[in-house]
Amino acid sequence: MLPFFLKLFTNAKPPPGDEELLRLYRETGELEHLGELFQRHSRMVYLVCLKYLKDEEESKDATMQLFEHIAKVLPQHQVTNFKSWLHSAARNHCLMLLRAGRKMPAIPWEDTSHLFMENTEPMHLTEAEQVEKTEQVLHQALQELPPEQRQCVELFYLQQKSYKEISTLTGCDLNKVKSYIQNGKRNLKLYMEKHHAPR
């Protein structure tokens, strides 16, 4: 009886292929079709994100964000090989996150934070240009800081060093390090406000 019982399940209808799920999503707009399709390749997406972002939690977040992105942009693209297209989309998404500076600890100036793609909307060309401009202005702002401030700010925010580690590396007193970072952060904010008008 057992082989016959198992046979009931082996005769089940095979799941639809990638092309069929893609067609169903295009025709109906139902997220369950795209969800099933994405789920099949979600591990690949996660591993691509991990390769570029080097952080498990950030890679998980990026994988979820990518699903929301493609739900919006997929209808605008002619996709013949979904897996290959998704691999490229994941790579580009990670590169965009890295380019926007999200892989690095954020320097907390509120007025320019909206330029770093905090939402899950697809990044349009104008937004990409804004990110590039912000990146350029930030680089210039760092160059304008006094040497001690620039060194401490880069060590603290970009290399994630502690106050104590920075003090050891630079030979500066701990209180001096804190002062350089605070003043450097304030000067960066003022420079960004002056050279990068809010959207």
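The values are calculated or read from the model by the stated rules, or taken from the named source; none is laboratory data. Everything quoted here is computed from the prediction, not taken from an experiment. Here the Cβ positions follow ideal geometry from the backbone for every residue, glycine too, while neighbour counts run over all protein chains shown.
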Open item on the list: Being surrounded by 18 or more Cβ atoms within 10 Å (Cβ to Cβ) and at pLDDT 90 or above is the filter here; which residues of the stretch 47-65 pass it?
Closed with: VAL48, CYS49, SER59, ALA62, THR63
Open item on the list: When you check GLU68 against the structure, is it surrounded by fewer than 18 Cβ atoms within 10 Å (Cβ to Cβ) and either more than 15 Å from GLU19 (Cβ to Cβ) or touching a Lys or Arg at 6+ places or on another chain (Cβ under 9 Å) (or both), yes or no?
Closed with: yes
Task: LEU24, sole failed condition from (1) in contact (Cβ under 8 Å) with a residue 24 or more places away in the chain; (2) in contact with a His (Cβ under 8 Å, 6 or more places away or on another chain) - done: (1)
